[in-house]
1. Counting only other residues whose beta carbon sits under 14 Å from that of residue 38, what net charge do I get with K and R as +1, D and E as -1?
2. Which is farthest toward the positive dipole end of the chain among 227, 68, 142, measuring Cα position about the Cα centre, with Cβ charges +1 (Lys, Arg) and -1 (Asp, Glu)?
3. Could you compute the FRET efficiency for residue 25 and residue 153, with r as their C-beta to C-beta distance and R0 at 41 Å, rounded to 0.05?
4. Compute the Cα gyration tensor for the stretch 96-250, then decide on rounded, prolate or oblate, letting a ≥ b ≥ c be the square roots of its eigenvalues: rounded whenever a/c is under 1.5, prolate when a/b is larger than b/c in the other cases, and oblate in all that remain.
5. Could you work out [θ]222 nm for the chain from helices alone, using -39500 (n - 2.57) per DSSP H run of at least four and dividing by all its residues? Round to the nearest 500 deg cm²/dmol.
6. Give me the lysines in straight-line cross-link reach of residue 244: C-alpha distance below 29 Å, same-chain residues under 8 apart excluded.
7. Can you give the extra length, in nm with one decimal, that the chain gains between residue 63 and residue 220 once fully stretched, where that is 0.36 nm per residue apart less the Cα-Cα distance?
8. Just to check, using Stokes-Einstein with a Kirkwood Rh over alpha carbon pairs, what's the diffusion coefficient of the stretch 24-120 at 25 °C and 0.890 mPa s in µm²/s?
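Quick note: the coordinates plus some simple rules give every number you see, no bench work behind them. For clarity, every value in this text was computed on a predicted model and none was experimentally measured. Note that we place each Cβ from the backbone using ideal geometry, even for glycine, and neighbour counts take in every protein chain shown.
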Amino acid sequence: MGAAGTCRYTFRLLKQAMAQASHFSDLTIVVGSGNLHKVEEIAVALGALVDPEGRRVCVEGKQGLPPGPEPNETGATFQENSLIKAMGYAALAMILPPARRPRWVLADDSGLSVDALGGAPGVRSARYAGEDASSDDNNRRLLEALWQVPEGHRGAEFVCVLSLVEIPRDLETSAREVLSAEGRCRGEILRGQAGTGGFGYDPLFFVPSLGKTFAQITTEEKNAQSHRGKALQRFRSGLEEILKRLSEES
């Protein structure tokens, strides 16, 4: 594409952004994920958070961002991929006019690490059975990989890393990571699925202390016990400190 074509493409993106984007409130967090279950969990965990001046933190999905390519998850760790995704969606937010940008973009990388598989599926949890694999495909492959592993040796843990990137309200400053939080939850992999809730590997992930799989518990129980719930608890504490600092600086 030549220089003129590039300019036309950039201008078209800006027009789309201005036409489609919401006018985000001053304390909006845009969750960089197309997974509505994940957005819902985060919104429930952070929904009642307010700053010292009584302004509520708003959690929204990525629909208000300009269209663009999905970030390429090339990291070797959950931490690396979480930041790659957050910075990727931050780049889309930066296309918006400064006054219409969200305050932050939040992304996470999470997955399942199985002891008997040397930590697999790990960062490839969503693509364990292939690039276009469904949850059923991934669960089927996991069960096949563990079919000879006896009880007592089917331990696993879910891991979640959250990365929060601040979006500047001017044209000179770059987006930057301001907060990271990690959560883990230990459990066991069952020999068959149990429960109809949740998503991904939830129907196979049994938590002995609960006596249930992640697919059998309520959203409230999951927010308190899950890897993402624990990461969100730490994230919330860190965000409260950020809100306090922003209030003091204003």
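1. -2
2. Of 227, 68, 142, it is 68.
3. FRET efficiency, residue 25 to residue 153: 0.25.
4. Taking the square roots of the gyration eigenvalues as a ≥ b ≥ c, the stretch 96-250 is prolate.
5. -11000 deg cm²/dmol
6. Output for residue 244: 38, 62, 85, 222, 230.
7. Result: 54.0 nm gained on full extension.
8. Approximately 168 µm²/s, per Stokes-Einstein.
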